[in-house]
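The values are calculated or read from the model by the stated rules, or taken from the named source; none is laboratory data. All figures in this text were calculated on a predicted structure; none of them were measured in a lab. Ideal geometry is used to build each Cβ from the backbone, glycine not excepted, and the neighbour counts take in all protein chains shown. These area figures cover heavy atoms from the full protein model, side chains too; ligands, DNA and RNA do not enter into them. Shrake-Rupley method; radii C 1.70, N 1.55, O 1.52, S 1.80 Å.
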Amino acid sequence: MNGCGIARDASGRGLSVVLAEQGDLAQATSSSSTKLFHGGLRYLEYFEFRLVREALEERETLLVAMPHISWPMRFVLPWHAGMHFDSDTPTSRLLSTVMPWMKGRRPAWLIRLGLFLYDTLGGRKILPATRTLDLARDPAGKPLKKSFRHAYEYSDCWVEDSRLVVLNARDAEARGARILTRTRVVSASREDGLWSIVTEGEDGRTAYQARALVNAGGPWVEDVIRNVARINSSEGVRLVRGSHIVTRRLYDHDRCYFFQGADGRIIFAIPYEQDFTLIGTTDKDHKGAPAEARCTDEERDYLCAFASDYFERPVTAADVVWTYSGVRPLYNDGAKSATAATRDYVLSLDTTGAPMLNVFGGKITTFRRLAEHAMEKLAPVLGNDRGPWTARVPLPGGDFPHDGVAALIAGLRRDYPFLDSYWAGRLIRAYGTEARTILGSARDKADLGHDFGATLTEAELKWLMDREYAREAADVVWRRSKLGLRLAPEDVVAIDAFMAAERKKAAAE
């Protein structure tokens, strides 16, 4: 995400940009998030006020620029008197000193104070404010255990994380950048004041020269520094694995839950892809290669047990239909635990020769601001005086009002009567105003070519290949969409075969 955001910003300032991605776009961390644009309510306990304020400010800025792939959600935070802090947080240590009789408990007044800060720090205008719920009367209380009588409801936002990455790459390309997927940087060295860079892709090796190198390698950022650019550095990342489970839909309303655990951690339970519930995330130090991150049985069972402490009907391993896990590349600040490690980003500019900017950490919510700050560091050494420009500038398909999704869906169903509500909604939520370009002059479903199942047609698949860098079935069914939750294994095989045939045909032309 950070690499595509920086490429977009730099291209829009008139710079010549090449982005090399070793796999598919968003193949690792950026498709494995909890998929929220949020300020990070729990980060207030760590006094990370700058990070929280920046993230809160960004929520509405991003909503306006991408209303098709991001939308407001309400979060229900149940409270009871036995809730405790993680004992390592600055807030917990402070309260233990000045109010030792609290014995680490999270008092209701402190949660309400945190939510007041959450409502006010970011200059909220679009999103509604916090309110108090009586769970005995509100529908949000129905799926919960009867011991939960009160809750707070606050605002944050959903985002389709993988599509966000792809749309930033597309916009960067539209502004002149070259986007190279499945292309690994095998070497980078400083020569005569420039970077000499060699990439390796499906067509072999290619050499480039550049005035600056941005290392936005995510979990591989340290590997790029040491093994690709061969630079000695004391800076590094702490790899923290965040795992999620997806179950069949656990409740009927459209709000999310923010659950606080006895261990001081929190998880979310979020309505997902209409028929499912997403639960996560864990925080575990990750040992081994980032690409090997998997949700372990222990993590799955932990999330099931955590959610079962709140839901009236227990969540079991049998309810889980899918799991995923990603590695957060957090800046190694020496924190005692994975949970306590900073979520803020660090941009380190090395100017001992041609400049190299290393990107450590970062939340998906603050990717755009991270890109602006990256350009603040790079622009002077590159002699570029163009200022920030990305705030509220629509991404492809996002050129409509932030509250205009329902009207777009209704218009699509009116003009393409063969679409049902699910299909039309899925297309608008993925492509926004570009959904009409994909559908073209189709009068019925047959005009869209082969039906691969779950509303995925040949017309859409060709769009994803021609315009959105997709090359294999996994790119489509687990990143450009989540149709893998609905498709049968034989459907995915058919998609792979079709895409292989299309690639072969294109290579022969």
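Quick notes
- Residue that is modelled with the highest pLDDT, among those in the range 311-339 that are among the small types (Gly, Ala, Ser) and in contact with a helix residue (DSSP H, G or I) (Cβ under 7 Å, 6 or more places away or on another chain): Ala317
- The range 23-71, subset more than 18 Å from Ala391 (Cβ to Cβ) and β-branched (Val, Ile, Thr), residue surrounded by the fewest Cβ atoms within 10 Å (Cβ to Cβ): Thr34
- Remark: pairs (first residue in the range 13-30, on the phi > 0 side of the Ramachandran plot and of a type outside the set (D, E, K, R); second residue part of a loop (DSSP other than H, G, I, E, B) and open to solvent by 40 Å² or more (accessible area, probe 1.4 Å); Cβ separation under 9 Å; 6+ apart in sequence or on different chains) = Gly14/Arg175; Gly14/Gly176; Gly14/Arg386.
- With respect to the conditions (1) modelled with pLDDT of 95 or more; (2) in a helix (DSSP H, G or I); (3) aliphatic (A, V, I, L, M); (4) open to solvent by 30 Å² or more (accessible area, probe 1.4 Å), Ala291 falls short on a single one, namely (1).
- Flag for Leu164 being of a type outside the set (Asp, Glu) and more than 26 Å from the chain's Cα centre (by Cα): no
- Sole residue being under 24 Å from Phe259 (Cβ atoms) and not aromatic (Phe, Trp, Tyr), chosen from Leu25, Leu56, Leu62: Leu56
- Options Leu278, Leu239: the member that is assigned to a strand (DSSP E or B), in contact (Cβ under 8 Å) with a residue 40 or more places away in the chain and within 21 Å of Leu357 (Cα to Cα): Leu239
- Candidates Leu357, Leu370, Leu378, Leu347 - the one that is in contact with a Phe, Trp or Tyr (Cβ under 8 Å, 6 or more places away or on another chain), surrounded by 15 or more Cβ atoms within 10 Å (Cβ to Cβ), touching a residue at least 40 places away in the same chain (Cβ under 8 Å) and not in a loop (DSSP other than H, G, I, E, B): Leu370
- Considering only residues in the range 42-85 that are in a loop (DSSP other than H, G, I, E, B) and under 30 Å from Asp171 (Cβ atoms), the one that is nearest to the chain's Cα centre (by Cα) turns out to be Ile69.
- Taking the conditions (1) surrounded by 15 or more Cβ atoms within 10 Å (Cβ to Cβ); (2) out of contact with any helix residue (DSSP H, G or I) (no Cβ under 8 Å at 6 or more places or on another chain); (3) assigned to a helix (DSSP H, G or I) in turn, Ile197 satisfies each one other than (3).
- All positions within the range 176-194 that are within 20 Å of Lys377 (Cβ to Cβ) and touching a helix residue (DSSP H, G or I) at 6+ places or on another chain (Cβ under 9 Å): Ala177, Ala188
- Search result, residues across the range 364-380 that are under 23 Å from Thr29 (Cα atoms) and out of contact with any strand residue (DSSP E or B) (no Cβ under 8 Å at 6 or more places or on another chain): Thr366, Phe367, Arg368, Arg369, Ala371, Glu372, Met375
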